[in-house]
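**Student:** Submitted below is the structure of interest, expressed as structure tokens.
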Amino acid sequence: MQSKENILEVNHLKINFKTYAGTVKAIRDVSFNLKKGETLAIVGESGSGKTVTTRSIMGLLANNAVVAGGNVLFHGQDVLKMSQRELENLRGAKIAQIFQDPMTSLDPTMRIGRQIAEPLMVHKGVKKAKAMAQALEMMKLVGITDAENRINDYPHQFSGGMRQRIVIAIALINYPEILIADEPTTALDVTIQAQILDLMRELQDKIETSIIFITHDLGVVAGMADRVAVMYAGKIVEFGTVDEIFYNPKHPYTWGLLSSMPTLDTNGDELPSIPGTPPDLLDPPKGDAFAARNSYALKIDTEKEPPFFKVSDTHYAATWLLHPDAPKVTPPEQIIERQKKFAKMQQQLEDKKLHHKVEETEEQP
Amino acid sequence: MAKYLLKRIFYLLLTLFIVITVTFFLMKLLPGTPLQNQQKLSPSEQHLILKQYGLTKPIWQQYLTYVGGVLHGNFGTSFQFSDQPVSYLISSRIGPSLLLGTQAMILGVVPGILVGALGAIKKNTWVDTTTTIVSILGISIPSFVLAVLLQYFIGLKLHLLPIADWGGFAYTVLPTIALAASPFADTARFTRTEMVDVLNSDYIELARAKGLSKWGVIYHHALRNSLIPVVTIIGPLAVNIMTGSMVIENIFSIPGIGEQFVKSILTNDYPTIMAVTIVYSVMLMVVLLITDIVYGIIDPRIRISGKSN
Amino acid sequence: MADEVKLPADSFEPLDKSKHLDSEKIAAPNLTFMQDAWRRLKKNKSAIIAMIILVIFFVLAFGSAFISPHNPNAVNPQLANLPPKWPGVNINGVNGTLVQAGSRVNAYQAAGAGAGVHYWLGTDYLGRDMLSRILFGTRISLTVAVVATAVDLLIGVSFGLFSGWKGGWIDNFMQRVIEIIMSIPTLVVVVLLILILKPGMTSITLAIAFSSWTTMARLIRAQTMELKGQEYVLAAQTLGESSIKIAFKHLLPNLSSIIIIQTMFTIPSAIFFEAFLSFVGIGISAPQASLGTLLNDGQKNFQFLPYQMWYPAIVLSVIMIAFNIFADGLRDAFDPQTKE
């Protein structure tokens, strides 16, 4: 995975919003990259800046947004510096997006076939008849039953799950290199959620697209993502592979998120939650933005923002707890369980490798 | 759809019946007879006239006669012009009113839509501010004030168009403008609000994410969705124009139904008042019915649900 | 990546949990709904200007009942149709001169008025002071509009509340009634009512009220239906509170913004109807004046004495504009979604 090229790099991105009340610092120095074919999950509470980040990748920031620094490189080209024209050529062709609520994201007065075919006609100049034929293929691919008869139906004639399939069909019709899925299952029933996630996984293999998966639900992340970035108050606080984040989290915020997620092993009646509310980004607090809600906070957290500390080649976390001088703290019980499991998994992996080696040597004459 | 239509027509007829009944009995509550304009008559002559008008019969009989008459297009005889049947009075005057009303509706709605849409697209720019000011003025300044202003400046000072009277297209221009101002402003405001809502909607965001250009988004997605609801305000606009026509026709001396209505009120000509009331109600009900049907045809959401019902 | 800078020795001391955790603290100040709306309204400059203009008009119109430059009904045929004259200002239009038969004449001299006599806005065809009459007329117009709106409010809100709260066939029936009323042009209803009640201030007020409550009733009903399904209303019902108590305690406070906004839109339309009817000649009758009757009087001599029409027209238009702008501002303040 490491060897693959980055198709998208976000470097030190800073975005402010000018509002009546003042300047909201929505994105405060965010960096990450996306590799070909991988799925990156961005996890965080609402208002943490997940959606703003993806908007900036699409060049769809609101009018009152100001890019205060950084860049977004798509194949080395800065999206933030592109002309309107270049952005239009990018959207829906190279980078496509699925929105949160399928009930409102389809044009209620346009037949769905036409809506699916539209990106083809806009970007590839495909004639209508041919575009509709391709739209029909795509409808079948995303699992819309009886597609031939339904291609001329209107959105309100479909259920929520079906509508989200249509939205996915619209996004994928041009085989985009990047698919941004902004909480694509939040508005759906749990059973439909699973279907949509399965569909996305299946299509990712067929279409070979990279996915940025935005969610507040860590449960969804486990089965979908290769890597995870945890965002809090406009910053990434921890990132790593799925296993690293799930079984060896280092940031107290990630601990909180994981502990508040029920698992099969959860016992007791109470599900812990993270106390308090995210900070006001009109006037972000000095030091670590999470300090006020962090029961592991150190004195320095209120004075100085923590830098990223390296945990492994792929795993970094921004918390002073990783500083060599920091006191040893005991994470919540659930996290310790997870870390134990992680250690066991690593051990098994090692064992397997060893075993493999042994076998290999045995085969030698 | 057919079932819905039948239901609507049933309600329309019911409403019409209620309107006829209520106006009839309200008028009966009022003092005043055809005699008020001809006082010096002997009692027997008076009785003869009352009998001519059918006013000597018991009220319920008068009512039945009236309803029966209305169904045949007979609204009785005018008190004011004792030799004229009301139906003739109205039919001879409805032409100018319909012409003015239609012209005002077109002149109000079409530019109103354009201006409203433009205001929404250019939201928070000087274009938007200008259209907002124009529509506030259009809503606030009463049509009769505007009418007199037009008369004074365009007719009297600049001699560009006739000040009043009736007789050809030139005579319709000023009254049409005066009548159209308020529907124009209403349409512009309504369209702007609808369009702003639509432009903020998720499906417009998705259309942008598809890579459509700004005007592509507006043309293919925003316009249709914000224009469909405009159909729903045609009814209220028609009321607006009917109301306005009463005073505008007076100011410009246009021989229309509105001018007749005012005259009839001032002379207590009850049969004519009742007839005009009924005619106005019928016109409004027909407009409401048509806009309902049109709305059902152009909005796919209603079209389908109508079918399945 | 780790920081190389030397950090103070005590940097890594844990903070006292009980002191720094702010689980109960909410970042934004706590404002009531009305305070929040007022805060937004204050930011809307045009709405505030409109509000100030309205306040000035109300104060002038109602204050003039006590202090008025002249008696608005005092007839003075000698001094009829005098143009405006401002003391010490010599600009055509406000210096008491008129263009008659192609040449400018001093109307005050011609009428034999003393040097100290000046009417700020001139006099009408009976020699009554226009300024006093406009103030008087504005007072009547505003009174009619405000009282009509209050009655409209009373009928509309109770009808809508009842219909929405009861639901079922009662609601169905009441909605049919509204539909029927709405399919008759408002003005026709007003005219019929005025004919029955005899022209005059009371009848015109009632007529406007009776014919315009339907919009309010519909809005209130729709909102009531929505509120009815809310948990806190259901809870109150479950606890056995009476419908009337629920209406006053739970429904009305939540309907207040709709009521206020709709009221602000009803007042200008009532002003319009009053002016309209008086202009046509079936509204306020002499010697009382309203903006509508003043316009009607002014229109008769408009070709020769345009000032008699100008001033009432300007006052009427400014009041209407101010009300509409203020109402728009209120709506945006109460319902921020429509703006953003």
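The values are calculated or read from the model by the stated rules, or taken from the named source; none is laboratory data. These numbers come from a predicted model, not from an experiment. Don't worry about glycine lacking a Cβ; one is built from the backbone with ideal geometry, like all the others, and counts go over all protein chains shown. With ligands, DNA and RNA removed, areas are computed over all heavy atoms of the protein, side chains included. Shrake-Rupley method; radii C 1.70, N 1.55, O 1.52, S 1.80 Å.
**Student:** Please verify whether segment B:173-188 includes one or more residues that are charged (D, E, K, R), open to solvent by 20 Å² or more (accessible area, probe 1.4 Å) and within 13 Å of another protein chain (Cβ to nearest Cβ). Write out each step before concluding.
**Tutor:** Start the filter on segment B:173-188 by keeping residues that are charged (D, E, K, R), which leaves B:186.
Going one step further and asking which of them are open to solvent by 20 Å² or more (accessible area, probe 1.4 Å), we end up with B:186.
If we keep only those that are within 13 Å of another protein chain (Cβ to nearest Cβ) too, we end up with B:186.
Yes, segment B:173-188 contains a residue that is charged (D, E, K, R), open to solvent by 20 Å² or more (accessible area, probe 1.4 Å) and within 13 Å of another protein chain (Cβ to nearest Cβ).
**Student:** Select, from C:Val177, C:Val190, C:Val146, C:Val157, the only residue that is part of a helix (DSSP H, G or I), within 11 Å of another protein chain (Cβ to nearest Cβ) and either open to solvent by less than 10 Å² (accessible area, probe 1.4 Å) or in contact (Cβ under 8 Å) with a residue 60 or more places away in the chain (or both).
**Tutor:** C:Val190
**Student:** Answer with yes or no whether A:Ala62 is open to solvent by 20 Å² or more (accessible area, probe 1.4 Å) and over 27 Å from A:Tyr154 (Cα atoms).
**Tutor:** Values: open to solvent by 20 Å² or more (accessible area, probe 1.4 Å): yes; over 27 Å from A:Tyr154 (Cα atoms): yes.
So A:Ala62 passes the test.
**Student:** May I pose another question? Across segment C:214-243, what is the total count of residues that are part of a helix (DSSP H, G or I) and under 27 Å from C:Glu179 (Cβ atoms)?
**Tutor:** Within segment C:214-243, the first condition is being part of a helix (DSSP H, G or I), and the residues that meet it are C:214-228, C:231-238, C:243.
Subsequent filtering for residues that are under 27 Å from C:Glu179 (Cβ atoms) retains C:214-228, C:233, C:243.
The total comes to 17.
**Student:** Every residue in segment A:314-328 that is small (Gly, Ala, Ser) and within 7 Å of chain C (Cβ to nearest Cβ), please. It would help to see each step written out before you state the result.
**Tutor:** The initial filter retains those residues of segment A:314-328 that are small (Gly, Ala, Ser), namely A:317-318, A:326.
The one that is small (Gly, Ala, Ser) and within 7 Å of chain C (Cβ to nearest Cβ): A:Ala326.
**Student:** The conditions are (1) open to solvent by 50 Å² or more (accessible area, probe 1.4 Å); (2) under 30 Å from C:Ser278 (Cα atoms), and C:Gly240 fails exactly one of them. Which is it?
**Tutor:** Of everything listed in (1) open to solvent by 50 Å² or more (accessible area, probe 1.4 Å); (2) under 30 Å from C:Ser278 (Cα atoms), C:Gly240 misses just condition (2).
**Student:** Being assigned to a strand (DSSP E or B) and open to solvent by 10 Å² or more (accessible area, probe 1.4 Å) is the filter here; which residues of segment A:30-58 pass it?
**Tutor:** Answer for segment A:30-58, where residues must be assigned to a strand (DSSP E or B) and open to solvent by 10 Å² or more (accessible area, probe 1.4 Å): A:Ser31, A:Phe32, A:Asn33, A:Lys35.
**Student:** Only one of these is under 12 Å from the mean Cα position of the chain (by Cα), modelled with pLDDT of 90 or more and more than 12 Å from chain C (Cβ to nearest Cβ): B:Ile233, B:Ile254. Name it.
**Tutor:** B:Ile233
**Student:** Further question: Could you please tell me which pairs satisfy a Cβ distance under 7 Å, a separation of 6+ or placement on different chains, a first residue in segment C:293-305 that is polar (S, T, N, Q), and a second residue that is open to solvent by 30 Å² or more (accessible area, probe 1.4 Å)?
**Tutor:** Note: pairs meeting the criteria are C:Asn296/C:Gly281; C:Asn301/C:Tyr125; C:Gln303/B:Leu156.
**Student:** Also, I was wondering about something else. Just the residues that are open to solvent by less than 60 Å² (accessible area, probe 1.4 Å) and among the aliphatic types (A, V, I, L, M), please, taken from segment C:54-74.
**Tutor:** Within segment C:54-74, C:Leu54, C:Ala61, C:Ala65, C:Ala74 meet the criteria.
**Student:** Is it the case that segment B:146-165 has a residue that's surrounded by fewer than 19 Cβ atoms within 10 Å (Cβ to Cβ), in contact with a Ser or Thr (Cβ under 6 Å, 6 or more places away or on another chain), modelled with pLDDT under 90 and more than 14 Å from chain C (Cβ to nearest Cβ)?
**Tutor:** Checked against the condition, which is being surrounded by fewer than 19 Cβ atoms within 10 Å (Cβ to Cβ), in contact with a Ser or Thr (Cβ under 6 Å, 6 or more places away or on another chain), modelled with pLDDT under 90 and more than 14 Å from chain C (Cβ to nearest Cβ), segment B:146-165 yields at least one hit.
**Student:** Select from segment C:261-291 the residues that are open to solvent by less than 10 Å² (accessible area, probe 1.4 Å), facing chain B (nearest Cβ under 9 Å) and among the small types (Gly, Ala, Ser) and list them in ascending order.
**Tutor:** C:Ala275
**Student:** Could you say whether any residue in segment A:299-313 is among the small types (Gly, Ala, Ser), facing chain C (nearest Cβ under 10 Å) and surrounded by fewer than 19 Cβ atoms within 10 Å (Cβ to Cβ)?
**Tutor:** no
**Student:** Here is a follow-up. Only residues in segment B:277-291 that are within 8 Å of another protein chain (Cβ to nearest Cβ) and surrounded by 21 or more Cβ atoms within 10 Å (Cβ to Cβ) count as the first member; pair them with residues that are hydrophobic (A, V, I, L, M, F, W, C) and not in a helix (DSSP H, G or I), Cβ under 6 angstrom, at least 6 apart or cross-chain, and list the lot.
**Tutor:** B:Ser281/C:Ile184
**Student:** Turning to a different aspect of this structure: For segment B:190-201, which residues satisfy the criterion of being over 29 Å from the mean Cα position of the chain (by Cα) and open to solvent by 60 Å² or more (accessible area, probe 1.4 Å)? Step through it out loud before you land on a result.
**Tutor:** Looking only at segment B:190-201, we keep the residues that are over 29 Å from the mean Cα position of the chain (by Cα), and these are B:199-201.
Of everything in segment B:190-201, just one residue is over 29 Å from the mean Cα position of the chain (by Cα) and open to solvent by 60 Å² or more (accessible area, probe 1.4 Å), namely B:Asn200.
**Student:** Let me ask something additional. Keeping to segment C:45-103, report how many residues are polar (S, T, N, Q), under 23 Å from C:Ser132 (Cβ atoms) and in contact (Cβ under 8 Å) with a residue 12 or more places away in the chain.
**Tutor:** Qualifying residue count for the region: 8.
**Student:** Okay, moving on. Please work out if A:Gly76 is surrounded by fewer than 24 Cβ atoms within 10 Å (Cβ to Cβ) and not assigned by TED's automatic domain parsing to the domain that holds A:Asn6.
**Tutor:** No, not satisfied.
**Student:** Something else now. Can you name every residue in segment B:176-198 that is in contact with a helix residue (DSSP H, G or I) (Cβ under 6 Å, 6 or more places away or on another chain) and either free of Cβ contacts under 8 Å to residues at least 24 places away in the same chain or under 28 Å from A:Leu87 (Cα atoms) (or both)?
**Tutor:** B:Arg192, B:Glu194, B:Met195, B:Val196, B:Val198
**Student:** Could we say that C:Met309 is facing another protein chain (nearest Cβ under 8 Å), in contact with a Ser or Thr (Cβ under 7 Å, 6 or more places away or on another chain), in contact (Cβ under 8 Å) with a residue 12 or more places away in the chain and outside any loop (DSSP other than H, G, I, E, B) here?
**Tutor:** So C:Met309 does not fit the description; no.
**Student:** Right, here's the next one. Can you spot a residue in segment C:75-93 that is touching a His at 6+ places or on another chain (Cβ under 8 Å), part of a loop (DSSP other than H, G, I, E, B), open to solvent by 50 Å² or more (accessible area, probe 1.4 Å) and farther than 30 Å from B:Ile133 by Cα? Steps first, answer last, please.
**Tutor:** In the first step, residues of segment C:75-93 are kept if they are touching a His at 6+ places or on another chain (Cβ under 8 Å); the result is C:85-87.
Subsequent filtering for residues that are part of a loop (DSSP other than H, G, I, E, B) retains C:86-87.
Of the ones still in play, those that are also open to solvent by 50 Å² or more (accessible area, probe 1.4 Å) are C:86-87.
Next, from what is left, pick out any that are farther than 30 Å from B:Ile133 by Cα: C:86-87.
Yes.
**Student:** Separate question: Inside segment C:199-221, can you point out the residues that are under 17 Å from C:Ile246 (Cα atoms) and open to solvent by less than 10 Å² (accessible area, probe 1.4 Å)? Please lay out each step first, then the result.
**Tutor:** Initially, segment C:199-221 is screened for residues under 17 Å from C:Ile246 (Cα atoms), giving C:220-221.
The answer is C:Ile220, and nothing else.
**Student:** Having 1 or more residues that are surrounded by 24 or more Cβ atoms within 10 Å (Cβ to Cβ) is the bar; report the helices (runs of 4 or more DSSP H) wholly within segment A:101-188 that clear it.
**Tutor:** By residue number, A:112-124, A:128-141, A:160-172.
**Student:** Of the residues that sit in segment C:222-233 and are open to solvent by 70 Å² or more (accessible area, probe 1.4 Å) and in contact with a helix residue (DSSP H, G or I) (Cβ under 8 Å, 6 or more places away or on another chain), which one is farthest from C:Ser158 (Cα to Cα)?
**Tutor:** C:Tyr232
**Student:** Across segment C:107-126, which residue is modelled with the lowest pLDDT among those that are buried (at least 19 other Cβ atoms within 10 Å of the Cβ) and among the small types (Gly, Ala, Ser)?
**Tutor:** Across segment C:107-126, the extreme among qualifying residues is C:Ala113.
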